[in-house]
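Working notes for the structure below.
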Amino acid sequence: MSDDHTHVQEFFTPRAADWDARFPDDGPAFAAAVAELGLREGDRVLDAGCGTGRALPPLRTVVGPSGVVLGADLTPAMLEAAARAGRERDGQLLVADVSRLPLRTESLDAVFAAGLIAHLPNPAENLRELARVVRQGGTLALFHPIGRAALAARQGRQITPDDLRAEANLGPLLACSGWRMTLYVDEDARFLALAVRA
């Protein structure tokens with residue numbers, strides 16, 4: 001997500017209506033990643049950069065009716081697509097920038113972020129903001145339904161050494177942002193990094 005919201009919104013707005021149709025088989029990967037967060041009934045969780053809200057149903061299933069599920073995204077068209085898909089029943093949808101979340105400090109148990117890190121203009125600062133809203137010992141999941149190499153191939157590019165999602169880069173980035181990385185998986189079928197709020 002960018003401080004200049006225009007760039008992000010211009011990219012995602014025209015893609016919102018058919019986003020889910022473009023990636024129809026991602027549901028099980030989202031559910032599996034949500035399961036890795038270790039959430040419990042009654043927990044409070046944010047899907048940061050939620051897009052069309054594909055993680056909201058599995059998040060709601062895990063935290064149950066007593067839990068709180070929020071989905072925040074910069075692009076209103078993505079949230080409208082989430083609402084059309086009925087996902088507002090699983091979580092409250094917010095137009096919000098992850099660099100300035102309208103949430104109290106330490107008000108959440110976890111953050112789920114699918115595909116978000118590539119859109120952060122100031123990754124360390126933005127990850128610190130996510131840490132601010134999560135209680136000590138809470139968790140963060142950085143997820144993508146395909147791994148770095150598969151994603152680069154899909155986009156017609158090569159992975160470069162400065163890729164933020166490379167384990168050698170992501171661990172220190174998380175550490176300087178208030179997180180401690182506890183799991184790193186980069187396979188063709190998924191990318192998942194879990195971290196605990198220090």
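The values are calculated or read from the model by the stated rules, or taken from the named source; none is laboratory data. Computed from a predicted structure; not experimentally measured. Cβ sites come from the backbone with ideal geometry, for glycine too, and all protein chains shown count toward neighbours. Note: accessible area is taken over every heavy atom of the protein model, side chains too, but ligands, DNA and RNA are not part of it. Shrake-Rupley method; radii C 1.70, N 1.55, O 1.52, S 1.80 Å.
Structural remarks
- When only the Cβ of Lys, Arg, Asp and Glu is charged (+1, +1, -1, -1), the dipole of the chain relative to its Cα centre reaches about 320 debye.
- Cα gyration tensor category, rounded, prolate or oblate, for segment 1-141 with a/c compared to 1.5: oblate
- In units of the compact-protein estimate 2.2 N^0.38 Å, segment 75-198 shows a Cα radius of gyration of 1.10.
- Values of log10 I(q)/I(0), in the order q = 0.12, 0.15, 0.25, 0.28 Å⁻¹, for segment 131-198 under a Debye, Cα-only, solvent-free model: -0.33, -0.49, -1.05, -1.19
- Using the Cβ-Cβ distance between Arg135 and Thr6 with R0 set to 35 Å, the FRET efficiency from 1/(1 + (r/R0)^6) comes to roughly 0.55.
- Accessible surface, per residue, of the chain when the full set of protein chains is kept, probe 1.4 Å, Å²: 45 Å²
- Carbon + sulfur, % of accessible area of segment 51-92 - ligands and nucleic acids excluded, 1.4 Å: 54 percent
- Among complete DSSP H helices in the chain, those whose alpha-carbon atoms stretch at least 15 Å along the helix's long axis and whose mean Kyte-Doolittle hydropathy reaches -1.0 are 123-133.
- Surface share of carbon and sulfur [accessible, 1.4 angstrom probe, percent] for segment 147-189: 54 percent
- Computed FRET value (nearest 0.05) for Glu125 with Arg154, which takes r as the C-beta separation and R₀ as 25 Å: 0.30
- Build a GNM of the chain with springs between Cα atoms under 10 Å apart, and of Gly86, Gly156, Gly51 the one that fluctuates most is Gly156.
- Euclidean distance between Cα centres, segment 6-76 to segment 96-168, Å: 13 Å
- Rel. contact order, % - alpha carbon contacts under 8 angstrom, at least six apart, the chain: 20 percent
- Full-stretch length increase - Tyr184, Gln92 - with 0.36 nm per residue and alpha-carbon distance subtracted: 30.2 nm
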